[in-house]
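Asker: What follows is a structure written as structure tokens; I'll ask about it next.
The values are calculated or read from the model by the stated rules, or taken from the named source; none is laboratory data. Note that the structure is predicted; figures quoted are calculated from it, not measured. A quick note on method: Cβ atoms are made from the backbone with ideal geometry, for glycine too, and the neighbour counts reach across all protein chains shown. Just so you know, the surface numbers come from the protein's heavy atoms only, side chains and all, with ligands and any DNA or RNA stripped out. Shrake-Rupley method; radii C 1.70, N 1.55, O 1.52, S 1.80 Å.
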Amino acid sequence: MCGIIGYAGPRNAQEVILDGLKRLEYRGYDSAGVAIVGRSLEIYKEKGEISKLASSMPSLDGHLGVGHTRWATCGQPSKMNAHPFLDCKGRIAVVHNGIIENHQALRKQLVEEGHVFTSETDTEVLVHLLEKHYKGDLHAALRETLREVKGTYATVALHVDSHQLVAARKENPLVVGLGHGENLFASDVTAILNYTNKALYIMDGETVVLDPQNVTIYDHEGRIVEREPHVVTWTVEDAQKGGYEHYMLKEIFEQPTAIHNSLLGSLEELENGSLMVDQDVPSVKLVACGTSYHASMVGKYIIEALAKIPTTVELASEYRYSPGTGENPLTVMLTQSGETADTLAAAREARRRGCRTLAVTNVVGSTIAREVDSVFYTNAGPEIGVAATKTYTAQLMAMYLLGIRLAQIRHAMGRDEVRELTSDLRGMPRYVGSVLDRSQQVNEAVDMLVPAQDVFFLGRNINYPTMLEGALKLKEISYIHAEGYAAGELKHGPLALLTKSTPVVAACVKDHTYEKMISNISEVAARNSPILAIGVEGDTDLAAVSDAIVYIPPISPILSPVPLTVMVQLISYYTAKKRGCPIDKPRNLAKSVTVD
Ligand code: AGP
């Protein structure tokens, strides 16, 4: 995915666009560029981060422009392949997020017609098609262009002779920010919050014409669409670092608040029976990617334990191509961004199969909300760090709420049990706060991981997925190869890899697997692997078989994934920091993956 921004208004367009690009940088950061209309159309691009682009540009005087930060899909990360692209006469500029699937055929045809291409990207066909169809009306040219294009896009274009920006959307996010005498386009609301909290979410198939005073949305047949703006509740401060060295650390420390907010209102809805689902279901399927997939795996344990409903978990990228069984489980899509291409496709597939669909997402106005029957918003606030943290623990809260709700409907839990569990959930911000209070101890304990090339994360039962999540966090931000394993599986192969230079992080809570976990840890100790244990406060037996130990507060085992997750997030963060890694912008990754 990429980040796009467009501005029309009285401010200096270059400043607004560079500011917006910095806020969108988490979406992609291998190259960036801006195009500004001043006395002429000026364009600047750089390979690398936005700061490099900003320092290499002169000050430009113009009030209309577009900008782009790229996550390469088609064509190497390079200055040449950075957006915006210009037409042959240098009068039209285009930025694009998505994939033009028929770009090769279009490029061939355009080259035969005399157009000169300067990049390897799919996007460049858009600007040459606009040039071909432009007869004084850029919006008309855009509509003609889209007729020839197959693929997905959020795209914004400008012409040097006009004071307008035109845009289109298909399966990639695009938001309009409505200001006073100024308007903006952006890939998400974090880039418009400095100027306005009024947003119009553009839908698939729509095109838009925007100038400083007016925004007109057209449907796919060219009819004007009336839409009320949405008032965004996130603030500028929510989307800034607030004194923390990295967004990831800030977001880890925001978890008590994020968890509190994710419960806000939901517990009342749970009490009055209006939360998420309204009828009993024979089975549940949870579908997601990456970290959200791990939340789904925890969700399976929760739903089966609380509601006794058979639950399966599938990767969205597999589910969408699977044969299906003819059964119709309640199909729940977990996606913090609401924009992951595989998860969106899975939602469409689930509906095609006739399943009732529910989405759990953090982003109001995201595409997933339009692909499902009902939505639960996790309300964790904006997450900028590429590594998901607070949105994950908020997803876990959603899984507890869903488990309790399903249990209520089929009377699988008594009133007292529900009351006890919801009261514990209310206390979750305190449990998490107590883990955060120990961050200095974690910082010291990770020294054994810092020089490692390989690390194993072991857990059992509901905390097996917690340790898969720990391994994913560590590899994505520290570049250490890490594997999460169900501790009982170690002896079936991976034990062969353990040596004194292969540290093992082991989670061990006081549940029915405790004794087994202690024996698994002892097996590891016998191979001389250094052990960093995560245990429940006061567990001296665990301390005795480990080289270092960090503690979570005593908590009911079913709720332990939340504080344990915060612990593995801190372990990963401090390890990556000590290795000097670019924590908020890990190489080759982007915050949400809108390609499949
Ligand atoms: C998380 O740290 C990862 N960056 C990634 O695995 C992510 O969880 C995955 O791409 C799914 O994203 P989503 O929740 O926005 O759908």
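Asker: So TYR377 passes all but one of these: (1) in contact with a helix residue (DSSP H, G or I) (Cβ under 9 Å, 6 or more places away or on another chain); (2) modelled with pLDDT under 95; (3) open to solvent by less than 50 Å² (accessible area, probe 1.4 Å). Which condition number does it fail?
Answerer: Unmet for TYR377, out of (1) in contact with a helix residue (DSSP H, G or I) (Cβ under 9 Å, 6 or more places away or on another chain); (2) modelled with pLDDT under 95; (3) open to solvent by less than 50 Å² (accessible area, probe 1.4 Å): (3).
Asker: What number goes with the only condition from (1) surrounded by fewer than 18 Cβ atoms within 10 Å (Cβ to Cβ); (2) over 31 Å from the mean Cα position of the chain (by Cα); (3) of a type outside the set (Val, Ile, Thr) that MET413 does not pass?
Answerer: (1)
Asker: Out of curiosity, is VAL116 surrounded by fewer than 24 Cβ atoms within 10 Å (Cβ to Cβ), among the β-branched types (Val, Ile, Thr) and closer than 24 Å to SER162 by Cα? Spell out how you get there, then give the answer.
Answerer: Values: surrounded by fewer than 24 Cβ atoms within 10 Å (Cβ to Cβ): yes; among the β-branched types (Val, Ile, Thr): yes; closer than 24 Å to SER162 by Cα: yes.
Yes.
Asker: May I pose another question? Consider segment 524-552. How many of its residues are loosely packed, with under 15 Cβ neighbours inside 10 Å and acidic (Asp, Glu)?
Answerer: 2
Asker: A further question on this structure: Checking PRO173 against (1) open to solvent by 20 Å² or more (accessible area, probe 1.4 Å); (2) part of a loop (DSSP other than H, G, I, E, B), which single condition isn't satisfied?
Answerer: Exception for PRO173: condition (1).
Asker: Conditions: (1) out of contact with any strand residue (DSSP E or B) (no Cβ under 6 Å at 6 or more places or on another chain); (2) over 21 Å from HIS159 (Cα atoms); (3) not basic (Lys, Arg). THR121 meets all but one. Number of the miss?
Answerer: Failing condition for THR121: (2).
Asker: Counting only residues that are more than 16 Å from the ligand (Cβ to nearest atom) and within 21 Å of GLU383 (Cα to Cα), how many does segment 568-592 have? Full working, then the answer.
Answerer: To start, the set of residues in segment 568-592 that are more than 16 Å from the ligand (Cβ to nearest atom) comprises 574, 577-580.
So of that shortlist, the ones also within 21 Å of GLU383 (Cα to Cα) come out as 574, 577.
Within segment 568-592, residues that are more than 16 Å from the ligand (Cβ to nearest atom) and within 21 Å of GLU383 (Cα to Cα) number 2.
Asker: Being within 13 Å of the ligand (Cβ to nearest atom) and modelled with pLDDT of 95 or more narrows it down to one of TYR400, TYR392, so name that one.
Answerer: After ruling out the rest, the residue left standing is TYR392.
Asker: Looking only at residues that are polar (S, T, N, Q) and surrounded by fewer than 19 Cβ atoms within 10 Å (Cβ to Cβ) in segment 198-236, which one is nearest to PRO10 (Cα to Cα)?
Answerer: First pass over segment 198-236, keeping only residues polar (S, T, N, Q): 207, 213-214, 216, 233, 235.
Narrowing further to those that are surrounded by fewer than 19 Cβ atoms within 10 Å (Cβ to Cβ): 213-214, 216, 233, 235.
Details: GLN213: 11, ASN214: 14, THR216: 19, THR233: 25, THR235: 23 Å.
Going through the qualifying residues, I end up with GLN213.
Asker: Just for segment 348-374: of the residues that are open to solvent by 40 Å² or more (accessible area, probe 1.4 Å) and in contact with a strand residue (DSSP E or B) (Cβ under 7 Å, 6 or more places away or on another chain), which one is modelled with the lowest pLDDT?
Answerer: Among those residues, the one meeting the criterion is VAL364.
Asker: If I ask for residues that are of a type outside the set (Phe, Trp, Tyr), over 11 Å from GLU15 (Cα atoms) and either in contact with a strand residue (DSSP E or B) (Cβ under 7 Å, 6 or more places away or on another chain) or buried (at least 19 other Cβ atoms within 10 Å of the Cβ) (or both), which ones from segment 29-47 would you list? Can you show your working first?
Answerer: Step one: filter segment 29-47 for residues of a type outside the set (Phe, Trp, Tyr), giving 30-43, 45-47.
Checking which are over 11 Å from GLU15 (Cα atoms) leaves us with 30-33, 35, 37-43, 45-47.
Listed by number, the residues that qualify are ASP30, SER31, ALA32, GLY33, ALA35, VAL37, LEU41, GLU42, ILE43, LYS45, GLU46, LYS47.
Asker: Looking for whichever is away from the ligand (no atom under 15 Å from the Cβ), at pLDDT 95 or above and outside any helix (DSSP H, G or I) here; the options are ILE303, ILE309. Which one fits?
Answerer: On the way: ILE303 fails: outside any helix (DSSP H, G or I).
Matching residue, one of ILE303, ILE309: ILE309.
Asker: Here's something else I'd like to know. Being of a type outside the set (S, T, N, Q) and free of Cβ contacts under 8 Å to residues at least 60 places away in the same chain is the filter; apply it to segment 348-359 and report the residue that is farthest from the ligand (Cβ to nearest atom). Can you show your working first?
Answerer: Initially, segment 348-359 is screened for residues of a type outside the set (S, T, N, Q), giving 348-356, 358-359.
Imposing the further condition that a residue be free of Cβ contacts under 8 Å to residues at least 60 places away in the same chain reduces the set to 348-349, 351-354, 359.
Numbers: ARG348: 15, GLU349: 16, ARG351: 18, ARG352: 20, ARG353: 20, GLY354: 24, ALA359: 10 Å.
My answer is GLY354.
Asker: Among the numbered criteria (1) assigned to a loop (DSSP other than H, G, I, E, B); (2) farther than 30 Å from GLN440 by Cβ, which single criterion is violated by SER501?
Answerer: Here SER501 clears every test but (2).
Asker: Does ARG527 meet the test of being at pLDDT 95 or above and more than 18 Å from TYR574 (Cβ to Cβ)?
Answerer: In short, no.
Asker: Here's another thing I want to ask about it. Return the residues of segment 504-543 that are in a loop (DSSP other than H, G, I, E, B) and touching a residue at least 40 places away in the same chain (Cβ under 8 Å); say none if nothing qualifies.
Answerer: Passing the criteria: VAL509, LYS510, ASP511, HIS512, THR513, SER529, PRO530.
Asker: Then there is this: Go through segment 320-347 and give me each residue that's at pLDDT 95 or above, near the ligand (Cβ under 10 Å from one of its atoms) and of a type in the set (A, V, I, L, M, F, W, C).
Answerer: MET333, LEU334, LEU344 - these are the residues of segment 320-347 that are at pLDDT 95 or above, near the ligand (Cβ under 10 Å from one of its atoms) and of a type in the set (A, V, I, L, M, F, W, C).
Asker: Let me ask something else. Among the candidates LYS473, LYS491, which residue alone is outside the structural domain of THR257 (by TED's automatic domain parsing), within 23 Å of LYS578 (Cβ to Cβ), of a type in the set (Lys, Arg) and in a helix (DSSP H, G or I)?
Answerer: LYS473
Asker: Could you please give the count of residues in segment 490-512 that are over 17 Å from ASP454 (Cα atoms) and touching a strand residue (DSSP E or B) at 6+ places or on another chain (Cβ under 9 Å)? Steps first, answer last, please.
Answerer: Start the filter on segment 490-512 by keeping residues that are over 17 Å from ASP454 (Cα atoms), which leaves 491-492, 507-512.
In the following step, the residues that additionally are touching a strand residue (DSSP E or B) at 6+ places or on another chain (Cβ under 9 Å) were identified as 507-510.
So the count comes out to 4.
Asker: Which residue out of SER296, SER317 is within 15 Å of the ligand (Cβ to nearest atom) and open to solvent by 30 Å² or more (accessible area, probe 1.4 Å)?
Answerer: Values: SER296 fails: open to solvent by 30 Å² or more (accessible area, probe 1.4 Å).
Just a single option satisfies the conditions, and that option is SER317.
Asker: Going by the conditions given, is ARG438 away from the ligand (no atom under 16 Å from the Cβ), under 18 Å from PRO554 (Cα atoms) and open to solvent by less than 50 Å² (accessible area, probe 1.4 Å)?
Answerer: On the way: away from the ligand (no atom under 16 Å from the Cβ): yes; under 18 Å from PRO554 (Cα atoms): yes; open to solvent by less than 50 Å² (accessible area, probe 1.4 Å): yes.
Considered against the rule, which asks whether it is away from the ligand (no atom under 16 Å from the Cβ), under 18 Å from PRO554 (Cα atoms) and open to solvent by less than 50 Å² (accessible area, probe 1.4 Å), ARG438 comes out as yes.
Asker: Can you find a residue that is outside any strand (DSSP E or B) and surrounded by fewer than 20 Cβ atoms within 10 Å (Cβ to Cβ) anywhere in segment 560-567? Spell out how you get there, then give the answer.
Answerer: Looking only at segment 560-567, we keep the residues that are outside any strand (DSSP E or B), and these are 560-567.
Filter once more, keeping what is surrounded by fewer than 20 Cβ atoms within 10 Å (Cβ to Cβ): none.
No: segment 560-567 contains no residue that is outside any strand (DSSP E or B) and surrounded by fewer than 20 Cβ atoms within 10 Å (Cβ to Cβ).
Asker: Restricting to segment 274-293, count the residues that are open to solvent by 30 Å² or more (accessible area, probe 1.4 Å), small (Gly, Ala, Ser) and either more than 16 Å from the ligand (Cβ to nearest atom) or touching a Phe, Trp or Tyr at 6+ places or on another chain (Cβ under 9 Å) (or both).
Answerer: The qualifying residues number 1.
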